[in-house]
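Take a look at the structure set out below.
Any read-out appearing in this document is the output of simple, stated calculations on the displayed coordinates, not a laboratory observation. Since we're looking at a predicted model, the values are computed, not measured. Because the Cβ atoms are built from the backbone with ideal geometry, glycine has one as well, and the counts that use them run over all protein chains shown.
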2 protein chains.
Amino acid sequence: MRGREEAGRDDAEIRGCRGEAARGPRRSADSASRAYQAIRRLVVEFRLKPEERINEVQLAQSLGLSRTPVREALNRLASEGFLVFTPNRGFVFKALEIEDLVRVFELRSIVETGSIALACKRASDAGIAELAAFWDEALERYRREDPDEILELDEAFHVRIAALSGNAEVVKALQSINARIRFVRRIQIERGAWHPRLVTEHTELVESLIARDAVRATEILRRHISMTIEDAALVLKEALFKLYVADSASVSQS
Amino acid sequence: MRGREEAGRDDAEIRGCRGEAARGPRRSADSASRAYQAIRRLVVEFRLKPEERINEVQLAQSLGLSRTPVREALNRLASEGFLVFTPNRGFVFKALEIEDLVRVFELRSIVETGSIALACKRASDAGIAELAAFWDEALERYRREDPDEILELDEAFHVRIAALSGNAEVVKALQSINARIRFVRRIQIERGAWHPRLVTEHTELVESLIARDAVRATEILRRHISMTIEDAALVLKEALFKLYVADSASVSQS
DNA sequence: GAACACACAATTGTCGACACTTTCCTTGAC
DNA sequence: GTCAAGGAAAGTGTCGACAATTGTGTGTTC
């Protein structure tokens, strides 16, 4: 749910802070966008301590910006569900509780099963063929076992299915959901215990789309996601544990 | 998808511009929030011309605020899908095309059917009883035929069902969707041609929840919403037409 | 020693000013 | 008359400063 028409890529690198030479225009017209990318990264990669208040001044300084664009970015992230805002007290990164994570996955399941059912009814043969081709090619690239690539391919596959529903709103909703669970998925894939089933199920999804078998497709997808939920919950528990261990360790040092 | 913990009510009135007496604190700590409510109102009630750029300075002046909180509000509205933002060109209120409206309704259908299915499985008997009680009471209030009240009750009813799924994320998603189609629903209810079926279907939904009949519940809900879609599309077409007529009339006058 | 009040520090909220972009209008060439 | 170039005008993007609020530590009272 972005409502933005930016060209900015998700993983755009933060460009050099302008402290040194001050060449180039003083306003880059995308400070807010850079701030957004940077902070989002901090959140998605779990680099912020949960429950800790985010200090705007500090954050702005570390990004070499003023508070205005930082605040704008924080606001956006809050309305996308990454941060929680309380008036007069600022922004906090609330780490997803296990239960919240499960809920987000459940929402994902609802949106995806709904959209695949539509896709079975409405998608053009060409569209489905394109998905099949995409998945064929993706299979090759899965073999390299690069977690980032796999994550990207996996998300892209699911988004493409949603897109076959012909409903852009559904696609947007799914993308927004994906962003929120990405950090867990990333770890999940890194650990790498679950590839085989994932892969075959994707193939099955393509098959049932070709057959336009909505019942089978939704059933596979529901299982597919609920399997992932359980795994993701474990992963998150582990990540939170590590975080708290690291946290208490650093506390005891000081 | 708010990520906000504000107390602000939706229809909070804009308080007097502080030009005159300047008593009370110069910062109310909720300028942004007031701006948000005010602008949202303009959008939801269709008081902004579609496609026309929103002038921040002008808007800020008319609200008696500076640009900063206005901008913050605009940003929020953009990420909620009400406005479209383009860098260096600002915010635009894009009226939903008929097709977009249909898509949002479709998303709503997906989310609601998904959540009612969950509710059938998981809701507590007490929760369902409460919904039934709510609907009983609501029926009384429907008789007064106050459009605003009916809209509120209708939304509340559907949100309550979603809440019975026990999934707060689903509820948030639904609320965000509701906000985006509220303006059409408002007109729809004002015209008042559709009440009877709506009411009986709500009763049927309660019944099938009590019977925990997920299949029936989802089927009723799907029909319920798709019926509304068609009606809403007509309403929007009419509203857009009026808008353009009014527009060209005022143009020809000047 | 605990509870409260008070001042002071840290942090958020808003503002006005200025830098930069886009837009629109004028001017001039063809 | 059409089009392009140039330059004001309008509007957005960012900044630094100050106002208001919240958090914290100190002293006072019981």
Charge dipole magnitude, Cβ of K and R +1, D and E -1 - region B:31-92, Cα centre, debye nearest 20 | 100 debye
Can you pull out the trypsin sites (Lys or Arg not before Pro) in region A:32-72 that DSSP calls coil and that have at most 14 other Cβ atoms within 10 Å?
-> A:Arg47
Under the definition of Cα pairs under 8 Å and six or more residues apart, what whole-number percent is the relative contact order of region B:79-171?
-> 32 percent
In the P(r) worked out for region A:98-243, what percent of Cα pairs fall beyond 20 Å?
-> 45 percent
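Could you please report the charge total around A:Arg143, scoring K, R as +1 and D, E as -1 over all other residues with beta-carbon less than 13 angstrom from its beta-carbon? Could you put the intermediate results ahead of the total?
Working: positive: A:Arg141, A:Arg144; negative: A:Asp136, A:Glu137, A:Glu140, A:Glu145, A:Asp146, A:Glu149.
Around A:Arg143, the charge tally is -4.
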Work through the residues other than B:Met227 whose Cβ is under 10 Å from its Cβ and net out their charges, Lys, Arg +1 and Asp, Glu -1.
-> 0
Measuring from label point to label point, each 7 Å out along Cα→Cβ, what is the A:Arg216 to B:Arg222 span in nm?
-> 1.9 nm
Report the relative contact order of region B:163-240, percent, no decimals, based on alpha-carbon pairs under 8 angstrom and at least 6 residues apart.
-> 33 percent
For A:Leu83, residues with placed amide H under 5 Å, excluding near neighbours | A:Ala78
Peptide B:107-115, shielding by other chains (average Cβ, 10 Å cutoff) = 6
Calculate how large, on average over all directions, the projected area of the Cα convex hull of region B:79-181 is; give the answer in nm² to one decimal.
-> 7.9 nm²
Using Cα pairs closer than 8 Å and at least 6 residues apart in sequence, work out the relative contact order for region A:98-243, in percent.
-> 40 percent
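According to the square roots a ≥ b ≥ c of the eigenvalues of the Cα gyration tensor, what is the shape class of region B:31-92, taking rounded for a/c under 1.5, prolate for a/b larger than b/c otherwise, and oblate for the remainder?
Numbers: a/c = 1.33, a/b = 1.18, b/c = 1.13.
It is rounded, given that a/c, with a ≥ b ≥ c, falls under 1.5.
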Relative to a virtual label point 7 Å from the Cα of A:Leu240 in the Cα→beta-carbon direction, which members of region A:38-56 show backbone nitrogen distances below 12 Å?
-> A:50-51
Which distances, shortest first and in nm, link B:Glu51 to the matching position in the other copies, using label points set 7 Å out along Cα to C-beta?
-> 5.3
